[in-house]
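Down below is the structure, laid out as structure tokens.
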Ligand code: NAD
Ligand code: NA
């Protein structure tokens, strides 16, 4: 079929397999161009099919020659209906890994469930024995709690007071005022259950009990801080409470890993266009101003540049892992640089529908958004008849 982008709200309903494959190739080329990383050899990535998790998997495999198991929740294709992009990404990743002689297998299902954890542990046992690194990179709006059977829904709301500020519809470029009512306690609790650290702990404890964690095993989850303009709706909002919980959980997991000589980290990453971040009000406007500023200063990075730097300069630099005063890895260091933030802040006050075309990188935002779904890549013939029924080799 001829596959075109079909937009609905914050998502695109279609994905292009050849474009997703091109995206994987580009990311692999980038990692290889930066040279070898003396990193982990057996890696589990939970949330491995898109965004930061996918970039982590590519970095581990093509930077340090790691065997990887990827867990994700994606929709497979049906005749005339494309898969979700993470499905095509994973299919292409496995193919490239195979070509390079690297072990790569995937598990598609709900990572919050006991069943998928057990399936993953069984796969590690039979294929790899143990793992050295576990990347935890889930972004989900819901979690079915495996012990209570309750379906929790996260919220993106401010806490304590109504939030009002500018936001942009990145499809149309229209800047408007948005108002979000404050969360009730239940919203906060649910968001912490979905995006906090409980499930991360469940993964590590289950793996430890099963004996599949290697001596010195490391685990890393991802967080975000961001600027003042997004604080009310992000870091001081419901999602921020979940990130506080996730960050606190790293210390608890480090205790669990102590007798193995292992450690849990949280890495604070840069704001980037992903499926998860596009759905958060205000963030797209901030990102479009941030991209403009960071590109002008030669500081712009995407997920793969961020993850390559996380592995090479922080986790596997041959020495100490540098941490901030709260014990976190900071690869949002360039985003948070005073000169970058000062510029973004002054642009923010000027941003409206007319000025944004000039002062913001809306084109860059849209381009990255299309790229998430495999569209807009050089070297892909989008007019060609394309087979949507692509298999993930290890899943079939
Ligand atoms: P993403 O949407 O690109 O990736 C989410 C991944 O989770 C996908 O692989 C998806 O398949 C998987 N997933 C979702 N629900 C699942 C489930 N129930 N079972 C199994 N897999 C499931 O998101 P992302 O932006 O890469 O986010 C990853 C982490 O990075 C999150 O913790 C996010 O808060 C954090 N982060 C994101 C940004 C940003 O700007 N995008 C910045 C800093 C930190
Ligand atoms: Na991810």
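Does residue 21 satisfy being closer than 22 Å to residue 272 by Cα, part of a helix (DSSP H, G or I) and away from ligand 1 (no atom under 15 Å from the Cβ)?
Yes.
For the stretch 295-308, name all the residues that are part of a loop (DSSP other than H, G, I, E, B) and more than 18 Å from the chain's Cα centre (by Cα).
Correct list: 297, 298, 299.
Go through (1) in contact (Cβ under 8 Å) with a residue 60 or more places away in the chain; (2) touching a helix residue (DSSP H, G or I) at 6+ places or on another chain (Cβ under 7 Å); (3) in a loop (DSSP other than H, G, I, E, B) one by one and return the number of the condition residue 236 breaks.
Residue 236 satisfies every listed condition except (2).
Residue 37: buried (at least 21 other Cβ atoms within 10 Å of the Cβ) and modelled with pLDDT of 95 or more, yes or no?
It is true that residue 37 is buried (at least 21 other Cβ atoms within 10 Å of the Cβ) and modelled with pLDDT of 95 or more.
Return the residues of the stretch 35-64 that are more than 13 Å from ligand 1 (Cβ to nearest atom) and within 21 Å of residue 121 (Cα to Cα); say none if nothing qualifies.
Residues of the stretch 35-64 more than 13 Å from ligand 1 (Cβ to nearest atom): 35-43, 59-64.
Passing the criteria: 40, 41, 42, 43, 60, 61.
Consider the stretch 45-83. How many of its residues are touching a strand residue (DSSP E or B) at 6+ places or on another chain (Cβ under 8 Å), in a helix (DSSP H, G or I) and away from ligand 2 (no atom under 14 Å from the Cβ)?
Going through the stretch 45-83 one residue at a time, the tally reaches 1.
Looking for whichever is assigned to a helix (DSSP H, G or I) and in contact with a strand residue (DSSP E or B) (Cβ under 7 Å, 6 or more places away or on another chain) here; the options are 112, 93. Which one fits?
That would be 93, the only listed residue that is assigned to a helix (DSSP H, G or I) and in contact with a strand residue (DSSP E or B) (Cβ under 7 Å, 6 or more places away or on another chain).
Return only the number of the condition from (1) closer than 29 Å to residue 295 by Cβ; (2) within 16 Å of ligand 1 (Cβ to nearest atom); (3) touching a strand residue (DSSP E or B) at 6+ places or on another chain (Cβ under 8 Å) that residue 273 does not satisfy.
Result: residue 273 passes all but (3).
Do you know which of the residues in the stretch 277-288 that are assigned to a loop (DSSP other than H, G, I, E, B) and within 16 Å of ligand 2 (Cβ to nearest atom) is surrounded by the most Cβ atoms within 10 Å (Cβ to Cβ)?
280
Which number in (1) over 19 Å from residue 269 (Cβ atoms); (2) in a helix (DSSP H, G or I); (3) touching a strand residue (DSSP E or B) at 6+ places or on another chain (Cβ under 9 Å); (4) within 16 Å of ligand 1 (Cβ to nearest atom) marks the one condition that residue 86 misses?
Failing condition for residue 86: (1).
If you scan the stretch 251-276, which residues turn out to be more than 16 Å from ligand 2 (Cβ to nearest atom), in a helix (DSSP H, G or I) and surrounded by fewer than 22 Cβ atoms within 10 Å (Cβ to Cβ)?
251, 252, 254, 255, 256, 257, 258, 259, 260 - these are the residues of the stretch 251-276 that are more than 16 Å from ligand 2 (Cβ to nearest atom), in a helix (DSSP H, G or I) and surrounded by fewer than 22 Cβ atoms within 10 Å (Cβ to Cβ).
Check 380, 321 and return the single one that is outside any helix (DSSP H, G or I), closer than 30 Å to residue 134 by Cα and in contact with a helix residue (DSSP H, G or I) (Cβ under 7 Å, 6 or more places away or on another chain).
321
Which one is farthest from ligand 1 (Cβ to nearest atom), of the residues in the stretch 129-160 that are within 20 Å of the chain's Cα centre (by Cα), within 25 Å of residue 264 (Cα to Cα) and assigned to a loop (DSSP other than H, G, I, E, B)?
154
Suppose we filter 112, 163, 93 for residues that are modelled with pLDDT under 95 and either surrounded by 18 or more Cβ atoms within 10 Å (Cβ to Cβ) or away from ligand 1 (no atom under 11 Å from the Cβ) (or both); which single one remains?
Checking each option against the conditions leaves just 163.
For residue 335, only one of the following conditions fails: (1) outside any loop (DSSP other than H, G, I, E, B); (2) under 18 Å from the mean Cα position of the chain (by Cα). What is its number?
(1)
Scan the stretch 142-153 for residues that are away from ligand 2 (no atom under 16 Å from the Cβ) and touching a helix residue (DSSP H, G or I) at 6+ places or on another chain (Cβ under 6 Å) and jot them down.
Correct list: 146, 152, 153.
Among residues belonging to the stretch 65-75 that are surrounded by fewer than 24 Cβ atoms within 10 Å (Cβ to Cβ) and in contact (Cβ under 8 Å) with a residue 60 or more places away in the chain, point out the one that is farthest from ligand 1 (Cβ to nearest atom).
Among those that are surrounded by fewer than 24 Cβ atoms within 10 Å (Cβ to Cβ) and in contact (Cβ under 8 Å) with a residue 60 or more places away in the chain, it is 67.
Check off (1) out of contact with any helix residue (DSSP H, G or I) (no Cβ under 9 Å at 6 or more places or on another chain); (2) closer than 26 Å to residue 354 by Cβ; (3) in a loop (DSSP other than H, G, I, E, B) for residue 182 and give me the number that stays unchecked.
(2)
Can you tell me which of 345, 292, 326 is touching a residue at least 60 places away in the same chain (Cβ under 8 Å), buried (at least 19 other Cβ atoms within 10 Å of the Cβ) and more than 21 Å from the chain's Cα centre (by Cα)?
292
The values are calculated or read from the model by the stated rules, or taken from the named source; none is laboratory data. Everything numeric here is computed off the predicted structure, so don't read it as measured data. FYI the Cβ positions are ideal-geometry reconstructions off the backbone, even for glycines, and counts take in every protein chain you see.
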